[in-house]
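As structure tokens, the structure follows; a few thoughts come after it.
Just so it is clear, none of the values below were taken in a lab; they were calculated from the coordinates. If you're wondering where the values come from, they're calculated on a predicted model, not measured in any experiment.
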Amino acid sequence: MEYPKFTQEHKSLMAKYLTKDVFDSLKDKKTVNGFTISDVVNSGVQNPDSGIGAYAGDEESYTTFAPFFDPIIEEYHGFTKNDKHQSDLNPDNLDAKNPDPDNKFIVSTRIRVGRNVDNMPLGPAITKEQRDEIEKVVSTTLSSLEGSLKGKYFPLDGMSKEDQDALIKDHFLFKEGDRFLETAGLNRNWPLGRGIYHNTEKTFLVWVNEEDQLRIISMQQGGDIKEVFTRLTTAIGELEKKMKFSFNEHLGYITSCPTNLGTAMRASVHIAVPKLAADMEKFKAICDKHHLQIRGIHGEHSESEGGVYDISNKRRLGVTEVQCVQDMYDGVVELIKVEKSLA
Ligand code: ADP
Ligand code: ARG
């Protein structure tokens with residue numbers, strides 16, 4: 001196993017923390033699922049423009065390769081190896097009155113969490129049989145949901161190109177052929193074992209076997225953030241009655257990408273702030289202050305359209321779910337205030 005050849009283009013945290021010494025100390029190690037440090041860093045090596053550039057093959061990757069992962073986790077989340085993660089999924093603790101009741105700025109709100117099945121490898125190291133088994137268990141579990149969460153599972157295999165494209169365009173379904181996931185080993189056997197569950201209104205959705213085994217999603221038009229959070233936490237509670245997810249006291253919910261550890265939660269709004277966005281520096285400064293990330297409206301690595309941006313919490317580990325949403329909420333309140341002042 002050779003130390004990767006990094007160029008000036010490699011700016012990821014992976015390239016920063018995979019020094020030759022760290023690599024040499026880890027190159028002969030393997031997790032129970034046969035995952036190596038080369039597997040962990042392949043996506044970032046092949047995609048020099050990665051921001052993070054590393055994926056775990058299993059929960060054990062985070063301990064076996066701790067000298068590599070710990071500093072990345074610390075820099076991204078501000079969470080040290082001695083810290084303990086805390087969870088709070090109680091919507092009563094969230095102070096989030098709709099910041100845009102007239103629907104002038106917030107187009108839609110979406111909150112998702114990643115989950116992986118306990119005692120299974122994560123996507124990058126999973127076998128086809130294990131992935132198919134997860135699809136079976138998860139889709140069966142979902143089909144037992146009742147009331148407003150009741151819906152249907154649609155496997156990707158057999159879905160028409162038109163249906164797939166329409167679901168992607170309308171922000172419901174994951175994209176195909178992501179090069180970061182591809183080189184992480186997450187697209188093996190595509191489209192088999194993948195799919196999407198949703199209720200009739202498409203306000204509750206579950207992605208199966210994309211970057212994580214489950215992405216549990218609550219979304220709707222407008223800015224009623226608390227309603228979206230409440231639906232999500234109810235759904236998580238229902239699923240947890242029937243399935244056990246990979247979780248540990250230190251890292252919280254275990255995910256394949258270290259950015260998602262902890263709460264595995266990304267709470268976002270699509271928000272129109274064209275005037276503020278004309279001053280990118282100011283826009284970014286407000287987002288940084290509230291620990292927010294700016295994305296385009298077709299998801300990660302996409303562009304804004306018509307001054308509408310995807311604004312979401314950046315921190316996910318060492319903060320509770322309520323705090324993740326509160327970060328987003330507080331930032332959105334300020335963004336709206338500033339946008340109004342520029343009118
Ligand atoms: P993830 O949130 O799952 O990490 P992405 O950034 O790729 O991944 O987003 C997934 C999809 O969700 C994309 O189609 C994106 O446009 C959509 N999305 C994200 N936030 C919102 C939102 N607030 N309203 C509507 N769609 C959203
Ligand atoms: N691996 C990609 C990068 O390093 C994405 C990282 C965060 N996003 C994610 N979907 N896990 O830029």
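Spatially, the stretch 89-141 and the stretch 294-343 are offset by 18 Å when compared through their Cα centroids.
Scattering from the stretch 1-48 was approximated by placing one identical point on each alpha carbon and applying the Debye formula without solvent; log10 I(q)/I(0) at 0.15, 0.22 1/Å stands at -0.37, -0.76. Counted residue by residue at 0.36 nm each, then reduced by the alpha carbon distance between them, the extension gain from His250 to Val22 reaches 79.9 nm. Only helical runs count toward this figure. For the chain, summing -39,500 (n - 2.57) over DSSP H runs of n ≥ 4 and dividing by all residues gives -10500 deg cm²/dmol at 222 nm. Please compute the length gained on full extension between His298 and Ser143, using 0.36 nm multiplied by the number of residues separating them and subtracting their Cα-Cα distance. Stretched fully, the His298-Ser143 segment lengthens by 53.0 nm.
Annotation: Cα Rg of the stretch 86-137 relative to the compact-globule expectation 2.2 N^0.38 Å equals 1.86. Semi-axes of the equivalent ellipsoid for the stretch 228-302, computed as √(5λ) from the eigenvalues of its C-alpha gyration tensor and ordered from largest down, come to 31, 15, 11 Å. Our analysis of the stretch 1-117 gives Rg over Rh at 1.11, with the two radii drawn from alpha carbon positions and Rh computed by the Kirkwood formula. Quick one: what does P(r) look like for the chain with 10 Å bins over all Cα pairs, in whole %? Taking every Cα pair in the chain, the percentages come to 5, 25, 34, 26, 9, 1.
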